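**Student:** Next up is a structure, given as structure tokens.
Laboratory data are not the source of any read-out in this text; all were calculated from the coordinates shown. Please read all numbers here as calculations on a predicted model, not as lab measurements. Note that we place each Cβ from the backbone using ideal geometry, even for glycine, and neighbour counts take in every protein chain shown.
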Amino acid sequence: MRVIVTSDWHPDKATAGFERFGDVRVAVERSVERAVEVKAGLYLFEGDLVTNDPSLDFYIRCLGLAQIASRDLRRAGVPSIWMPGNHDVFEDGLGTTALDPLEFSDGVVGVAVEPSVIRLEPSSPKLAVLLPYPAPSRVYDPAEFVEEEARALGDRARDVVLVAGHLMIEGIERGSESDDMARGRDLFFPVEAVRRCFPKAVMTNGHYHRRQVFNGVHVPGSIAGGLTRGEVGCEPGFLELEL
């Protein structure tokens, strides 16, 4: 099964006063085209559709970009799942996220605002664990969730082939996402718990804008790259996983 993983779109971001929406739109279109080309079993968005509380008109453009992507994927028979990142949650006490309207968009498999375990394909036993960044009213312990789900799954824990999140990773080099674009509190990806509970699983995590593999976790990086001056040299793109 082929999975396309994208993250940290931030189309409402400007770099030195230059709007990046066009760059991001082109990058998103490329990722969707690739998902269609390889007949991906899943298109996974790992958070940060927006930046910090964009104006209404810009938010509508950002949301429209995601809706168009999900529509084009659906038309090609590619399901999609969307997880909120730390920039997508609203501090309203209701658990609202910038991705909520996608729940009602035609063709979206799901908006994962809660940690969850999902089946990747209807006819396959393969499972994925999703660890989104939570709004304050939905805070959870990622390591505890992983351990509890592993116990609940029992022998089926061996069927977990993917653990995906939008959390922080202990020890990773900080970038603009942690400095000039910082938002929210630290909540860490449970690397050791995943290794212990789901040893066959591929780990992938958004949030960090520099594409890399750190401590076994695959980071897709910002889809367009170079969102700030501190991101010079960041390779834009997305991940293509075979599970």
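**Student:** Please give the peptides 158-167, 205-214 ranked by average Cβ packing (other Cβ atoms within 10 Å per residue), highest first, as a rough proxy for protection.
**Tutor:** Taking the mean over residues of other Cβ atoms within 10 Å, the ranking is 158-167, 205-214.
**Student:** 5 Å is the cut-off here: which amide hydrogens, built 1.01 Å from N in the peptide plane, fall below it relative to Phe189, excluding neighbours closer than 5 in sequence?
**Tutor:** Met168, Ile169, Glu170
**Student:** Along the charge dipole of the chain, Cβ charges K/R +1 and D/E -1, which of Gly85, Asn205, Met1 sits furthest on the positive end?
**Tutor:** Met1
**Student:** So who's got an amide H within less than 5 Å of the one on Val160, skipping anything under 5 residues away but keeping other chains? H placed 1.01 Å off N, in plane.
**Tutor:** Leu127
**Student:** Now for a different question. Size of the dipole of the chain about the Cα centre, Lys and Arg at +1 and Asp and Glu at -1 on the beta carbon, nothing else charged, in debye to 20? Intermediate results must be reported in sequence, preceding the final value.
**Tutor:** Values: 26 positive and 38 negative charges, 156 e Å.
The calculated dipole for the chain is roughly 760 debye.
**Student:** Using θ = phi - 60° and the Karplus curve 6.51 cos²θ - 1.76 cosθ + 1.60, what whole-Hz ³J(HN,Hα) does each residue of region 205-213 get, with Gly and Pro shown as x?
**Tutor:** Going residue by residue, I get 8, x, 5, 8, 8, 9, 5, 5, 10 Hz, with x marking Gly and Pro.
**Student:** Among 74-81, 117-124, how do they line up by average Cβ neighbours within 10 Å per residue, starting with the highest?
**Tutor:** Put in order of decreasing packing, that is 74-81, 117-124.
**Student:** Give me P(r) over the chain, computed from all C-alpha to C-alpha distances, binned every 10 Å, as integer percentages.
**Tutor:** 8, 35, 39, 17, 2, 0
**Student:** Long-range amide H contacts for Met203: which residues qualify at under 5 Å (H placed 1.01 Å from N, peptide plane, sequence gap of 5 or more or a different chain)?
**Tutor:** Val163, His218
**Student:** For region 67-138 and region 1-28, what is the separation of their C-alpha centers, rounded to whole Å?
**Tutor:** Result: 18 Å between the Cα centres.
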